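Working notes, beginning with the structure itself.
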Amino acid sequence: MSENPLLKLQSFGQSIWLDFLSRALLASGRLKRLIEEDGLRGVTSNPAIFEKAIAGSSEYDDDIRTLARQGKSAAEIYEALTVADVQAAADLFRPVYDRLDGRDGFVSLEVSPHLAYDTEGTIAEARHLWSRLGRPNVFIKVPATKPGLPAIRQLISEGVNVNVTLLFGLPRYREVAEAYIAGLEDRAARGLPLDRVASVASFFLSRIDVLLDPVLERIAQEGGTKGEIARGLIGEVAIASAKVAYQIYKEIYRGERFQRLARQGARTQRLLWASTSTKNPAYSDVKYVEPLIGPDTINTMPLETLNAYRDHGNPAPRLEEGVEHAYRVLEQLAQVGIDIDQATQQLEEEGVHKFVVPFDSLMALLESKRTAVLAVA
């Protein structure tokens, strides 16, 4: 029997996480099997994932009824349900966390998307969730918005593990790394240990191509030199951004500023490839996995992509192949009139909205279920 491609990724220094969590996944034993058979090393969640899990299942109904009868609000019910799932998943991953000396085995829970532009609100909720979860192998997800940056620094300084989410642009990635390192420096200045503080920077990929491909296709149809350049950029921008981000990662974390912290036990803030499901049916279903395999990275896949990779993945260390081409792709965007920084700022704003909508939908559902329980109580 040939080696499982998902397991083989580990030999190239990449960890595979699952971009999904639900009560059914836990109760069925499927998550445990993914850990044991596929070498799964973590799980990420977000408001959209929990909306799908809770609204699309009856698995949570008993807990919702119990919590409603206890007088809990919709927000309190949401927190209780999500915290319970993340704690259960974290407990499944605890042997992985222990075996790898705290380098992997994490489960993520996100602060409310309504706090994306509220620094103090983000800090307060992150502290609360960190305390409530009570597990060393969890991440609190904080968006990489401008107001999120000081929150990341403060939380890292307090020893709260942070998964920086909704990261699209390279200038913002530098700011995220700066916030992480500054938080470690603040912590070190107080004489606090650095060796168990963990963080990842979640770089969203497929959404970049979803936004830019139609623009590039229109330019290509116009013909001429710009049209020819644009044709060569279709489907290339997300992978190019990731490859350049990895070069920035190496530059920052090999630099003396971080190395001073590393000598005190600090660990790098690994890059995590997110939004890795292929949205365009014309592209390979493992398009956002194959080119981005390299050391100190994570790829978080939805179940469909994970299953596809298990079936026909072809692992090889490709992350540093074609780096010059990647830089050229980003340079050529300007030549065809596309401002990549403006595009990634648009994606960040849309990303916040895409989490707010399912979050609010789920809150409305929980409120209606809570009201129905109380009406017959």
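Structural remarks
- Residue identified as open to solvent by 60 Å² or more (accessible area, probe 1.4 Å) and either among the hydrophobic types (A, V, I, L, M, F, W, C) or within 18 Å of Pro358 (Cα to Cα) (or both) among Lys52, Lys72: Lys52
- Looking only at segment 127-150, and only at residues there that are outside any helix (DSSP H, G or I) and of a type in the set (Gly, Ala, Ser), the one that is least open to solvent (accessible area, probe 1.4 Å): Ala144
- Residues being touching a residue at least 24 places away in the same chain (Cβ under 8 Å), in a helix (DSSP H, G or I) and surrounded by fewer than 18 Cβ atoms within 10 Å (Cβ to Cβ) - total across segment 312-327: 4
- Complete set of residues in segment 156-168 that are more than 21 Å from Asp186 (Cβ to Cβ) and either aromatic (Phe, Trp, Tyr) or assigned to a helix (DSSP H, G or I) (or both): Phe168
- Taken over segment 228-246, the criterion of being over 29 Å from the mean Cα position of the chain (by Cα) and free of Cβ contacts under 8 Å to residues at least 40 places away in the same chain is satisfied by Glu228, Arg231.
- The helices (runs of 4 or more DSSP H) located wholly in segment 174-257 that include 3 or more residues which are under 20 Å from Ser284 (Cα atoms) occupy 206-221, 237-253.
- Entirely in segment 1-105, the helices (runs of 4 or more DSSP H) that have 3 or more residues that are of a type in the set (A, V, I, L, M): 23-27, 30-38, 47-55, 61-69, 74-99
- Within segment 53-66, the only residue that satisfies the criterion of being of a type outside the set (Val, Ile, Thr), touching a Leu at 6+ places or on another chain (Cβ under 9 Å) and in contact (Cβ under 8 Å) with a residue 40 or more places away in the chain is Ala55.
- Residue check, Arg153 under 17 Å from Thr119 (Cβ atoms), in a helix (DSSP H, G or I), in contact (Cβ under 8 Å) with a residue 12 or more places away in the chain and charged (D, E, K, R): yes
- Looking only at residues of segment 258-272 that are outside any loop (DSSP other than H, G, I, E, B) and touching a residue at least 40 places away in the same chain (Cβ under 8 Å), we find that the one that is most open to solvent (accessible area, probe 1.4 Å) is Arg270.
- Residue satisfying all of: in segment 2-49; open to solvent by 40 Å² or more (accessible area, probe 1.4 Å) and of a type in the set (Ser, Thr, Tyr); nearest to Phe355 (Cα to Cα) among these: Ser28
- Selection count where residues are aliphatic (A, V, I, L, M), under 15 Å from the mean Cα position of the chain (by Cα) and open to solvent by 10 Å² or more (accessible area, probe 1.4 Å), scope segment 155-209: 1
- For the residues Arg231, Arg218, the requirement of being open to solvent by 50 Å² or more (accessible area, probe 1.4 Å) and touching a helix residue (DSSP H, G or I) at 6+ places or on another chain (Cβ under 6 Å) singles out Arg231.
- Check on Val336, open to solvent by less than 30 Å² (accessible area, probe 1.4 Å) and either among the basic types (Lys, Arg) or within 28 Å of Phe50 (Cα to Cα) (or both): no
- Members of segment 1-33 found to be within 18 Å of Pro95 (Cβ to Cβ) and of a type in the set (Phe, Trp, Tyr), listed by number: Trp17
Yes/no per residue for (1) under 17 Å from Phe204 (Cα atoms); (2) touching a Gly at 6+ places or on another chain (Cβ under 7 Å); (3) of a type in the set (A, V, I, L, M, F, W, C):
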residue: Ser284; (1), (2), (3): no, no, no
residue: Lys287; (1), (2), (3): yes, no, no
residue: Asn307; (1), (2), (3): no, no, no
residue: Asp311; (1), (2), (3): no, no, no
residue: Asn314; (1), (2), (3): no, no, no
residue: Pro317; (1), (2), (3): no, yes, no
residue: Glu320; (1), (2), (3): no, yes, no
residue: Val323; (1), (2), (3): no, no, yes
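The values are calculated or read from the model by the stated rules, or taken from the named source; none is laboratory data. Note that the structure is a prediction, hence the values are computed from the model and not measured. Note that we place each Cβ from the backbone using ideal geometry, even for glycine, and neighbour counts take in every protein chain shown. Heads up: the accessible areas ignore ligands, DNA and RNA and are worked out on the full protein's heavy atoms, side chains in. Shrake-Rupley method; radii C 1.70, N 1.55, O 1.52, S 1.80 Å.
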